[in-house]
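A.B. asks: Sharing a structure with you now.
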Amino acid sequence: MRLFVSVDLPESLADAVRAVQTGFAGADGLDFVDPARTHVTLKFLGDVSEDEYDETVAALDRAVDSSRVGPFDATVGGLGVFPSLDYISVLWAGIGEGAVELAALHEAVERESVAAGFDPAENEFTPHVTLARMKHGGGKELVQRLVRERDPEVGTMRVEAIRLTESTLTNEGPKYETRARFELGR
């Protein structure tokens with residue numbers, strides 16, 4: 001099973017995510033993420049066998065405990081891209097308030113997952129919500145301009161847990177299923 005660790009955006013923010021995406025509708029080459037599936041990825045684990053699953057859950061349980069992060073509010077807003085404005089592969093909304101707590105959760109998940117045998121993260125952690133992926137550069141100049149000019153607010157969410165999510169790739173896009181939930185501040 002293909003797994004990642006996430007903080008999911010609540011359904012109440014889906015319309016606000018959609019509104020931000022709509023502002024980029026004229027940018028050729030963007031493939032928008034379904035607003036109902038938006039999340040902050042703390043760690044992509046990749047393929048995990050049934051034999052490895054219990055240890056993965058135990059590692060995440062330890063991570064939540066060691067992070068000492070309790071429930072908190074996080075604000076979603078602003079825009080950015082990966083890896084740079086010169087070469088855009090991902091368009092995202094950032095995290096303002098709550099970024100410190102998300103970074104602490106990421107660090108704990110990273111530490112415990114690497115100890116459990118998963119590969120370390122290749123990039124520095126930037127808490128974000130992916131809005132779209134750029135399939136080709138046809139609309140690059142429009143995306144560059146809008147990212148520089150706009151600073152949208154998506155909203156605030158209460159973060160009370162992290163999730164171990166299974167991603168199944170289909171022709172209609174990824175299907176997500178929560179496999180385990182880990183409450184913060186236990």
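A.B. asks: Looking at Val57, Val76, can you tell me which residue is among the aliphatic types (A, V, I, L, M) and outside any helix (DSSP H, G or I)?
C.D. replies: When all the criteria are applied, what remains is Val76.
A.B. asks: Please pick out the residue among Phe44, Phe32, Phe72, Phe82 that is in contact with a strand residue (DSSP E or B) (Cβ under 6 Å, 6 or more places away or on another chain) and under 15 Å from Pro152 (Cβ atoms).
C.D. replies: Numbers: Phe44 fails: under 15 Å from Pro152 (Cβ atoms); Phe72 fails: under 15 Å from Pro152 (Cβ atoms); Phe82 fails: under 15 Å from Pro152 (Cβ atoms).
Result of the check over Phe44, Phe32, Phe72, Phe82: Phe32.
A.B. asks: Could you list all residues from the range 64-101 that are touching a residue at least 60 places away in the same chain (Cβ under 8 Å), surrounded by fewer than 17 Cβ atoms within 10 Å (Cβ to Cβ) and of a type in the set (Gly, Ala, Ser)?
C.D. replies: Within the range 64-101, Gly70, Gly80 qualify.
A.B. asks: Show the residue pairs that are 6+ apart or on different chains and have beta-carbon atoms under 8 Å apart, the first residue being within the range 1-24 and free of Cβ contacts under 8 Å to residues at least 60 places away in the same chain, the second being part of a helix (DSSP H, G or I) and aliphatic (A, V, I, L, M).
C.D. replies: Glu11/Ala36; Ala14/Ala36
A.B. asks: Here is a further query. Can you tell me which residues in the range 166-182 are exposed (fewer than 14 other Cβ atoms within 10 Å of the Cβ) and in a strand (DSSP E or B)? Full working, then the answer.
C.D. replies: Residues of the range 166-182 that are exposed (fewer than 14 other Cβ atoms within 10 Å of the Cβ), as a first pass: 168-173, 175, 177-178, 181.
Across the range 166-182, the qualifying residues are Thr168, Leu169, Thr170, Gly173, Lys175, Glu177, Thr178, Arg181.
A.B. asks: Separate question: May I ask you to say which residue of Ala108, Ala104 is surrounded by fewer than 18 Cβ atoms within 10 Å (Cβ to Cβ), modelled with pLDDT of 95 or more, under 18 Å from the mean Cα position of the chain (by Cα) and in a helix (DSSP H, G or I)? I'd like the intermediate steps shown before the answer.
C.D. replies: Values: Ala108 fails: surrounded by fewer than 18 Cβ atoms within 10 Å (Cβ to Cβ).
The conditions single out Ala104.
A.B. asks: Same structure, new question: Taking the condition surrounded by 13 or more Cβ atoms within 10 Å (Cβ to Cβ), hydroxyl-bearing (Ser, Thr, Tyr) and not in a strand (DSSP E or B), does Thr130 pass?
C.D. replies: So Thr130 fails the test.
A.B. asks: Run down Arg163, Arg150 and say which single residue is closer than 28 Å to Glu50 by Cα and either touching a residue at least 24 places away in the same chain (Cβ under 8 Å) or surrounded by fewer than 16 Cβ atoms within 10 Å (Cβ to Cβ) (or both). So that I can check it myself, show each step before the final result.
C.D. replies: Numbers: Arg150 fails: closer than 28 Å to Glu50 by Cα.
When all the criteria are applied, what remains is Arg163.
A.B. asks: Does Val33 satisfy the condition of being of a type in the set (A, V, I, L, M), closer than 20 Å to Pro174 by Cβ, surrounded by 14 or more Cβ atoms within 10 Å (Cβ to Cβ) and in contact with a Ser or Thr (Cβ under 6 Å, 6 or more places away or on another chain)?
C.D. replies: Yes, satisfied.
The values are calculated or read from the model by the stated rules, or taken from the named source; none is laboratory data. None of these values were measured; they are calculated from a predicted model. Cβ sites come from the backbone with ideal geometry, for glycine too, and all protein chains shown count toward neighbours.
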